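Structure provided below as structure tokens; questions to follow.
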Amino acid sequence: MSDSLIMLLQALLLVIGCLFFLVGTLGLFRLPDTLTRIHALTKADNLGLGFVVLGLLPSVPGPATAAKILLIWLIALAASATAAHLVARTVRATDASRDREERA
Amino acid sequence: MTLLMDTVAVVLLLLLVVGLLRIWLGPEPADRMLASQLFASTGVALLLVLAESQAQPALRDVALVLALLAVLSTVAFVTRVMQVARADSRGERRDV
Amino acid sequence: MNGPVPGKVSVLQCFASAVVRTVVLLVLWWALTEGDADAVAFGLWVVPLIVVLWWRLFPPEGRGPRVLATLAFGGYFLCGSVAAGLDVARRLLSPRLPISPGYLTYTTSLPAGSPRWLLANTLSLLPGTLSVTLRGPQLELHCLDTTAPVSAAVGHVEMRIARMFPR
């Protein structure tokens, strides 16, 4: 009984995770410019990854592996925040140099 | 459960392919660079799901390395674009 | 060659820091090797070496972040990132795409170093904000919706981070 309950919960978490990935990909096409696309990709995809990781937790072989996939999620969070900041800064800098060119 | 996980893996793979369309379309180099973020999240999720459904623990290590390398590729891109932008603002044209 | 240890750090604090760092690295090794018994011996050799290197690069600076406030911030951050994902989903799934993107410069009162970096990095994962540049205390943000009370939300996150780092 409790086993099937856990499986149901797992299935639910995995499906929610996929839905957030779907939203992130939708954002890549619906949103008008690079910066807003970064917003969607960073927030939705990391949440999707978080839900997928939670959904996988009950089926991993042991607590060490559970800790490992949680660690991978944390690294992906940090990676995504850093990458978002770096790309946003570059977009800002290239926009600024383009503005200068237009004024010149 | 394995069936569900395989379905999830297929969905993630499809989303990755659709996301690559944005990389194809661009138009800015920064839009193309979003690929690294896409792989760092969707790709990592895909590998973690496959590690469970195919019982391949090594795929978890691949996911870990993919997440770490995604940042490095972004750093490399940013360094290059910044150099080009700086050269442009000094009036030197450089082929990208 | 010991790292430049500031005079105000007591022996007890150094000891506590060494213990915490060793435990963190051991747990990390245990997780990375997925609890493999064959890897334990190797880990016991490597961990002390990494602790020495960590000490050399980042010597302990007085008191570390407060434990309870850090846990509270972790919980707040998780709830906030769920809210961020739902916020993005709501805007994207609504047919008229309710966004009004724009820049906002926020002047933070947090001290330089890790508190400021933590603010910039977590804001990118919280609803409606994306950190663009950080120059001194000037944090330039890109907002998904400039009509929302973004400054107040940022101030709230800033206050929670300030609680983690005792002056």
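The values are calculated or read from the model by the stated rules, or taken from the named source; none is laboratory data. Computed from a predicted structure; not experimentally measured. Note: ideal-geometry Cβ built from the backbone for every residue, glycine included; neighbour counts use all protein chains shown. When the accessible area is computed, the model is the full protein with side chains, heavy atoms only, and any ligands, DNA or RNA have been set aside. Shrake-Rupley method; radii C 1.70, N 1.55, O 1.52, S 1.80 Å.
Note the buried accessible area between B and A here, summed over both chains, with a 1.4 Å probe, in Å² to the nearest 100.
3900 Å²
About the Cα centre of the protein assembly as shown, how large is the charge dipole given +1 on each Lys and Arg Cβ and -1 on each Asp and Glu Cβ? Please answer in debye to the nearest 20.
Dipole size: approximately 1120 debye.
If you wrap segment C:11-57's Cα atoms in a convex hull and average its projection over all directions, what's the area in nm²?
The orientation-averaged projected area of the Cα hull of segment C:11-57 comes to 3.3 nm².
Same structure again: What does the helix-only formula give at 222 nm for chain A: each DSSP H stretch with n ≥ 4 adding -39500 (n - 2.57), the total divided by the residues, and the result rounded to the nearest 500 deg cm²/dmol?
Only helices count here, giving -32500 deg cm²/dmol.
Put +1 on the Cβ of every Lys and Arg and -1 on every Asp and Glu Cβ in segment B:2-89; which of B:11, B:29, B:69 then has its Cα farthest towards the positive end of the dipole?
Going by the charge dipole, the pick is B:29.
To check my understanding: the extent here is largest minus smallest coordinate of the Cα atoms along each principal axis. What are those three numbers for segment C:50-124, in Å, largest first?
56, 26, 23
If you wrap a convex hull around the C-alpha atoms of chain A and split its volume per residue, what is the figure in Å³?
74 Å³
Any chance you could give the angle, 0 to 90 degrees and rounded to 10, that helix A:34-56 forms with the longest Cα principal axis of chain A?
The two axes meet at around 10 degrees.
Please work out the Kirkwood hydrodynamic radius for chain C, using every pair of different C-alpha atoms, and report it in angstroms with one decimal place.
18.9 Å
Chain B: D in µm²/s via Stokes-Einstein (Kirkwood Rh, Cα pairs, 10 °C, 1.306 mPa s)?
Approximately 105 µm²/s, per Stokes-Einstein.
For segment B:35-53 and segment A:1-25, write down the distance between their C-alpha centroids in whole Å.
Taking the Cα centre of segment A:1-25 as reference, the centre of segment B:35-53 is 16 Å away.
With a probe of 1.4 Å, find how much accessible area segment A:2-103 has per residue, and write the answer as a whole number in Å².
39 Å²
Carbon and sulfur atoms: what percent of the 1.4 Å accessible area of segment B:2-89 do they account for?
Accessible surface attributable to carbon and sulfur in segment B:2-89 totals 74 percent.
Heavy atoms only, probe 1.4 Å: what % of the accessible area of chain C goes to carbon and sulfur, would you let me know?
70 percent
Let me ask something else about it. Could you compute how much accessible area chains C and A hide from each other, both sides summed, with a 1.4 Å probe? Nearest 100 Å² is fine.
3000 Å²
Still on this model: Compare A:56, A:86, A:70 in a GNM of chain A, Cα atoms joined below 10 Å, and give the one with the largest fluctuation.
Result for chain A, Cα springs under 10 Å: A:86 fluctuates most.
Calculate how steeply helix A:2-30 sits against the longest principal axis of the alpha-carbon atoms of chain A, using the helix alpha-carbon long axis, and give the answer as 0 to 90 degrees to the nearest 10.
10 degrees
Order C:78, C:134, most accessible first, counting only protein heavy atoms with a 1.4 angstrom probe.
Reading off the accessible areas and sorting them downward yields C:78, C:134.
Just to check I understand the Karplus step: with θ = phi - 60° and J = 6.51 cos²θ - 1.76 cosθ + 1.60, what whole-Hz values come out for segment B:6-18, glycine and proline as x?
Couplings: 5, 4, 4, 4, 5, 4, 4, 5, 4, 4, 5, 5, 4 Hz.
I've got another one for you. With the dipole of segment A:1-93 worked out from charges on the C-beta (+1 for Lys and Arg, -1 for Asp and Glu) around the Cα centre, which of A:41, A:28, A:85 lies farthest toward the positive end?
The listed residue farthest towards the positive side: A:85.
Now for a separate question. What is the mean number of Cβ atoms from other protein chains located within 10 Å of the Cβ atom of each residue in peptide C:144-150, rounded to a whole number?
If you average over the peptide's residues, the count of other-chain Cβ atoms is 1.
Which residue, B:56, B:37, B:83, has the most motion in a Gaussian network model of chain B that connects Cα atoms within less than 10 Å?
B:83
Hey, got the average number of other protein chain Cβ atoms within 10 angstrom for residues in B:32-40?
Mean shielding by partner chains, rounded to a whole number: 6.
Quick one: which residues, 5 or more positions from residue C:132 or on another chain, have an amide H under 5 Å from its amide H? H modelled 1.01 Å from N in the peptide plane, none for Pro or chain starts.
Sorted by chain and number, the residues that satisfy this are C:140, C:141, C:142.
Could I ask something else about it? Let me know the volume per residue of the alpha-carbon convex hull for the protein assembly as shown, in Å³.
185 Å³
Could you state the accessible area per residue of chain C in Å², with a 1.4 Å probe and every protein chain left in place?
For chain C, the per-residue accessible area is 58 Å².
Separate question: Rounded to the nearest angstrom and ordered from largest down, what semi-axes does the equivalent ellipsoid of segment C:67-164 get from its C-alpha gyration tensor (root of 5λ)?
One finds semi-axes of 24, 17, 9 Å for segment C:67-164.
Heavy atoms of the protein only, probe of 1.4 Å, neighbouring chains included. What is the accessible area of residue C:108 in Å², nearest 10?
About 10 Å², ignoring ligands and nucleic acids.
Dipole of chain A, Cα-centred, from +1 at each Lys and Arg C-beta and -1 at each Asp and Glu C-beta, to the nearest 20 debye?
Roughly 200 debye for chain A.
Per 0.36 nm of contour for each residue apart, how much would the distance between residue C:109 and residue C:19 grow if the chain were fully extended, relative to their Cα-Cα spacing?
Separation in residues times 0.36 nm, less the Cα-Cα distance, equals 29.2 nm.
Okay, next question. Counting only other chains, and only Cβ atoms inside 10 Å, what mean value do you get across the residues of C:85-97?
Per residue, the average neighbour count from other chains is 6.
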